[in-house]
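Worksheet: one structure, shown below.
The values are calculated or read from the model by the stated rules, or taken from the named source; none is laboratory data. Note that this is a predicted model, so its numbers are computed, not measured. Cβ: placed from backbone, ideal geometry, glycine included. Neighbour counts: every protein chain shown.
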Amino acid sequence: MARLERIAQIETPESAPRYELRMRRHGPADAEYEIWQMPAASTPQVTSALRIAGLRGRNLELVEHRVLKRLSRSGIRLGHGADARKRGYALDEDLALTLGLLFRTLAPMRSRDNMRAVAEGIEAMGREEAAYWLGMAMHRKRPRRVLTALRILLTEARTRTTRKVAASDPGTVRRGI
């Protein structure tokens, strides 16, 4: 039993990668969220803060409730007021990977339905899968192709299941549901 208590007291080492969420308010209803990787002993190639992804405007408004829910589960409460005009919050690696991938993938999108499908798909991903896709999007020669492939995979999966449901119930097709 003492061994379990010792393991529970172990904290993340200083050598773990460090990430930061930077929130900036440009106006009353205009916020911008950015994920940054900070220099750490485990990432010697990062000598200064490296921007992973960011989201602002209409696309952020569509998923802001999801982002705030994930942040509050991690114990991060974003302040609203004059002092919260520009703030930074430390993130754990799992949350930073997921949010970074979410922001990069949603930034150029326009269709609300496809954005919802992509956001749900990214939230359902495990840590390894999110790290794989974010790494591909950051370190490939043509990252836009990687993000396009991810968008297609996540939206095709949703339309495929919708078609199966519609095909199994012919009344939904006639009623337009």
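Values computed for the structure shown
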| quantity | calculated |
| --- | --- |
| The range 31-47, residues that are part of a strand (DSSP E or B) and either modelled with pLDDT under 85 or touching a His at 6+ places or on another chain (Cβ under 7 Å) (or both) | 32, 43 |
| Close pairs (8 angstrom Cβ cut-off, 6 or more residues apart or separate chains): in contact (Cβ under 8 Å) with a residue 60 or more places away in the chain and closer than 13 Å to residue 93 by Cα in the range 35-47, of a type in the set (Lys, Arg) and surrounded by fewer than 16 Cβ atoms within 10 Å (Cβ to Cβ) anywhere | 35/51 |
| Cross-chain or 6+ apart pairs with Cβ under 9 Å, the range 106-128 first and over 12 Å from residue 155 (Cβ atoms), then among the acidic types (Asp, Glu) | 127/93; 127/94 |
| Test: residue in the range 9-17 that is under 20 Å from residue 93 (Cα atoms), modelled with pLDDT under 90 and part of a helix (DSSP H, G or I) | yes |
